[in-house]
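A.B. asks: Take a look at the following structure, please.
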Amino acid sequence: MMTMKNNIYRIALLGGIALLMQSCFVAKDYKRPELKTENLYRNEVMSTDTISMANVSWNKIFTDPILQGYITKGLENNLDIRIAMQNIAAAQATMKQGKAGYFPSLAVGTDWTHIKTSKNSQSGSFLRNLVTDQYQLSGNLSWEADIWGKIRSNKRAANASYLQSTAANQAIKTALIADIASTYYQLLSVDAQIKVAEETLINRNKSIETILALKKAGNVTEVGVKQTEAQKYATEIIIADLKNSIIILENTLSTLLGEPSGKIDRSTFDAQKLQPTITLGVPANLLRNRPDVIAAEYNLVSNFELTNVAKSSFYPSLKVTAAGGLQSVDLKEWFSANSIFANVVTGLTQPIFNQRQIKTKYEIAKANQEKAFIQFEQSLLKAGKEVSDALAQYNNETNKISIREKQADALKKASNYSDELLVYGLANYLEVLTAKNDSLNAELSLVDNKFQQYKAIIQLYKALGGGWQ
């Protein structure tokens with residue numbers, strides 16, 4: 001009884017010493033590296049606003065109720081989102097395992113051993129009973145003290161990996177919202193272009209009637225008639241290509257929604273009002289708004305902690321292993337007090353030479369940490385570039401729209417005037433054809449300019465990190 005108490009005291013003393021030694025951490029705490037964020041945007045787009053349009057919910061940016069329904073459905077059904085959710089579930093399981101690192105491991109087992117000794121063996125020559133059976137019920141416990149912070153760093157690395165997966169999921173959401181909105185607006189713009197082309201086709205048919213009448217009157221030749229007919233066929237080809245684009249865009253949007261390809265219900269381009277207040281916010285906002293930048297930093301944190309783990313392997317480890325249970329050669333005496341056995345082993349293990357494995361793992365961990373830092377810095381520079389590009393594109397398209405409207409109006413009037421002049425013999429058919437082609441191209445380009453403006457707003461919203469909040 002006294003021996004049992006002494007063993008308990010020894011184990012308790014050892015545990016107390018281990019807990020005291022845990023204060024001797026060599027693991028460092030993560031500190032965000034200094035990053036220069038003040039010049040991430042181009043000088044002409046520098047902003048001192050503390051509020052960014054990224055802080056606005058996506059349903060406040062995209063107000064079309066049909067589009068809102070598609071975005072909601074996409075966030076629920078999109079296959080990339082569902083894959084990302086499984087990545088989060090796996091990372092969460094790893095995080096839970098990291099948290100359990102402080103607890104001991106315990107295994108319980110039972111076994112039966114049957115031994116028959118050779119009569120001609122050294123031991124069998126003097127043993128009376130050459131056949132023995134042994135019955136055992138045992139438990140094995142193992143625990144390692146976190147003296148150098150290895151378990152703590154493993155736990156933090158697992159937690160950072162989980163948060164990285166969460167941020168990666170948020171990045172997918174941001175990209176998905178942008179893709180759905182961009183595809184939807186492109187569908188509307190192509191609808192508008194088809195409307196322009198079909199109205200033009202009606203005018204082309206009227207032009208053929210006019211040119212045939214002029215030919216009959218001897219004012220133009222058959223060449224003029226055929227050129228006018230060719231212009232009509234060219235318009236029909238434009239309409240056919242645009243309608244084919246509709247099918248491809250509908251298929252694309254269906255895939256984004258996680259559905260089989262099919263027809264997409266939608267509003268009209270003229271009914272859209274996508275003119276949010278453009279506020280960039282200070283460049284440092286990208287560190288907390290851009291999910292890909294957030295994910296890159298958590299990747300850095302994870303690799304930083306894994307470097308701590310690798311470094312701790314250079315130091316001695318304190319382990320406690322214990323085994324105990326019931327052991328008997330007679331099944332009837334298995335649960336007797338005399339069948340109880342127990343052993344406890346404790347000690348420090350200091351690695352000395354192991355074929356350079358520990359140093360190699362540490363050097364690899366350091367290299368991965370440096371790579372993660374470079375990727376973090378790279379993600380921030382990429383974010384700044386995308387903001388600058390999107391804003392420049394928005395400003396350019398906005399400026400082009402005002403010019404294109406004037407161009408389209410002038411060419412439309414020129415086309416109308418040319419028809420009248422042709423009837424009175426004051427213009428030839430080539431001038432009429434050129435005026436009509438230029439007018440059609442200008443109107444189609446005007447619709448595309450408006451779509452490109454919308455697309456630039458969407459890209460700016462995504463570049464600033466909006467959509468996932």
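A.B. asks: Go through the range 241-273 and report how many residues are of a type in the set (D, E, K, R), assigned to a loop (DSSP other than H, G, I, E, B) and in contact (Cβ under 8 Å) with a residue 60 or more places away in the chain. Walk me through how you get there before you give the answer.
C.D. replies: If we filter the range 241-273 for residues that are of a type in the set (D, E, K, R), which is where we start, we get 241, 243, 250, 259, 263, 265-266, 270, 273.
The next check asks that each one be assigned to a loop (DSSP other than H, G, I, E, B); those that pass are 259, 263, 265-266, 273.
Subsequent filtering for residues that are in contact (Cβ under 8 Å) with a residue 60 or more places away in the chain retains 259, 265-266, 273.
Of the residues in the range 241-273, 4 are of a type in the set (D, E, K, R), assigned to a loop (DSSP other than H, G, I, E, B) and in contact (Cβ under 8 Å) with a residue 60 or more places away in the chain.
A.B. asks: On to the next question. So, Lys412, is that one open to solvent by 70 Å² or more (accessible area, probe 1.4 Å), among the basic types (Lys, Arg) and in contact (Cβ under 8 Å) with a residue 60 or more places away in the chain or not?
C.D. replies: On the way: open to solvent by 70 Å² or more (accessible area, probe 1.4 Å): yes; among the basic types (Lys, Arg): yes; in contact (Cβ under 8 Å) with a residue 60 or more places away in the chain: no.
Taking the combined requirement at face value, the residue does not satisfy it.
A.B. asks: Would you confirm whether any residue within the range 334-342 is closer than 30 Å to Leu137 by Cα, in contact with a Gly (Cβ under 7 Å, 6 or more places away or on another chain) and open to solvent by 60 Å² or more (accessible area, probe 1.4 Å)? Break it down stepwise before answering.
C.D. replies: Of the residues in the range 334-342, the ones closer than 30 Å to Leu137 by Cα are 334-342.
Still in the list and also in contact with a Gly (Cβ under 7 Å, 6 or more places away or on another chain): 341-342.
Subset that is open to solvent by 60 Å² or more (accessible area, probe 1.4 Å): 342.
Within the range 334-342, one or more residues are closer than 30 Å to Leu137 by Cα, in contact with a Gly (Cβ under 7 Å, 6 or more places away or on another chain) and open to solvent by 60 Å² or more (accessible area, probe 1.4 Å).
A.B. asks: Picking from Thr277, Thr268, which residue would you name as being surrounded by fewer than 15 Cβ atoms within 10 Å (Cβ to Cβ), at pLDDT below 90 and either under 30 Å from Lys195 (Cα atoms) or not acidic (Asp, Glu) (or both)? Give the derivation first.
C.D. replies: Details: Thr268 fails: at pLDDT below 90.
Criteria check complete, one pass: Thr277.
A.B. asks: Shifting gears a bit: Taking the range 378-394 as the search range and keeping residues that are over 22 Å from Asn441 (Cα atoms) and open to solvent by 50 Å² or more (accessible area, probe 1.4 Å), which one is farthest from the chain's Cα centre (by Cα)?
C.D. replies: Kept after step one, since they are over 22 Å from Asn441 (Cα atoms), are these residues of the range 378-394: 378-392.
Narrowing the set further to residues that are open to solvent by 50 Å² or more (accessible area, probe 1.4 Å) leaves 378, 381-382, 385-386, 389, 392.
Working: Gln378: 16, Leu381: 17, Lys382: 15, Lys385: 19, Glu386: 16, Asp389: 21, Ala392: 25 Å.
Within the range 378-394, the match that is farthest from the chain's Cα centre (by Cα) is Ala392.
A.B. asks: (1) assigned to a helix (DSSP H, G or I); (2) open to solvent by 50 Å² or more (accessible area, probe 1.4 Å): which one isn't true of Gly218, the others all being true?
C.D. replies: Result: Gly218 passes all but (1).
A.B. asks: Sticking with this one: Looking at the structure I just gave you, is Ile151 surrounded by 21 or more Cβ atoms within 10 Å (Cβ to Cβ), of a type in the set (A, V, I, L, M, F, W, C), at pLDDT below 90 and assigned to a helix (DSSP H, G or I)? Talk me through it step by step, then tell me what you get.
C.D. replies: Working: surrounded by 21 or more Cβ atoms within 10 Å (Cβ to Cβ): yes; of a type in the set (A, V, I, L, M, F, W, C): yes; at pLDDT below 90: yes; assigned to a helix (DSSP H, G or I): yes.
Judged against the criteria, Ile151 is a match.
A.B. asks: Could you check the range 168-205 and list, in sequence order, the residues that are open to solvent by less than 20 Å² (accessible area, probe 1.4 Å) and under 20 Å from Lys60 (Cα atoms)?
C.D. replies: Thr174, Leu176, Ile177, Ala178, Ile180, Ala181, Ser182, Thr183, Tyr184, Tyr185, Leu188
A.B. asks: Residues in the range 332-352: is at least one of a type in the set (S, T, N, Q), within 46 Å of the chain's Cα centre (by Cα) and modelled with pLDDT of 90 or more?
C.D. replies: Of the residues in the range 332-352, the ones of a type in the set (S, T, N, Q) are 336, 338-339, 343, 346, 349-350.
So of that shortlist, the ones also within 46 Å of the chain's Cα centre (by Cα) come out as 349-350.
Narrowing further to those that are modelled with pLDDT of 90 or more: none.
The answer is no; no qualifying residue exists.
A.B. asks: State whether the residues of the range 344-366 include one that is under 23 Å from Asn39 (Cβ atoms) and not in a helix (DSSP H, G or I).
C.D. replies: First, pick out the residues of the range 344-366 that are under 23 Å from Asn39 (Cβ atoms): none.
No: zero hits.
A.B. asks: Sticking with this structure for a sec: Select from the range 196-241 the residues that are among the hydroxyl-bearing types (Ser, Thr, Tyr) and over 16 Å from Asn437 (Cβ atoms) and write down the one among them that is nearest to the chain's Cα centre (by Cα). If you could, list the steps in order and put the result at the bottom.
C.D. replies: First, pick out the residues of the range 196-241 that are among the hydroxyl-bearing types (Ser, Thr, Tyr): 200, 207, 210, 221, 228, 233, 235.
Now narrow it down to the ones that are over 16 Å from Asn437 (Cβ atoms): 210, 221.
Numbers: Thr210: 59, Thr221: 63 Å.
Among those that are among the hydroxyl-bearing types (Ser, Thr, Tyr) and over 16 Å from Asn437 (Cβ atoms), it is Thr210.
A.B. asks: So Thr235 clears everything in (1) open to solvent by less than 30 Å² (accessible area, probe 1.4 Å); (2) closer than 30 Å to Asn87 by Cβ; (3) part of a helix (DSSP H, G or I) except one condition, right? Which one?
C.D. replies: Exception for Thr235: condition (2).
A.B. asks: Additional query: Against the conditions (1) surrounded by fewer than 15 Cβ atoms within 10 Å (Cβ to Cβ); (2) modelled with pLDDT under 85; (3) not aliphatic (A, V, I, L, M), where does Ser313 fall short? Just the number, please.
C.D. replies: (1)
A.B. asks: Further question on the same structure: Out of the range 168-215, which residues are among the charged types (D, E, K, R) and either touching a Lys or Arg at 6+ places or on another chain (Cβ under 7 Å) or not in a helix (DSSP H, G or I) (or both)?
C.D. replies: Step one: list which residues in the range 168-215 are among the charged types (D, E, K, R), which gives 173, 179, 191, 195, 198-199, 204, 206, 209, 215.
Arg204 - this is the single residue of the range 168-215 that is among the charged types (D, E, K, R) and either touching a Lys or Arg at 6+ places or on another chain (Cβ under 7 Å) or not in a helix (DSSP H, G or I) (or both).
The values are calculated or read from the model by the stated rules, or taken from the named source; none is laboratory data. Predicted, not measured: the structure shown is a model, and the values here were computed from it. Because the Cβ atoms are built from the backbone with ideal geometry, glycine has one as well, and the counts that use them run over all protein chains shown. The accessibility values were calculated without ligands, DNA or RNA, using every heavy atom of the protein model including side chains. Shrake-Rupley method; radii C 1.70, N 1.55, O 1.52, S 1.80 Å.
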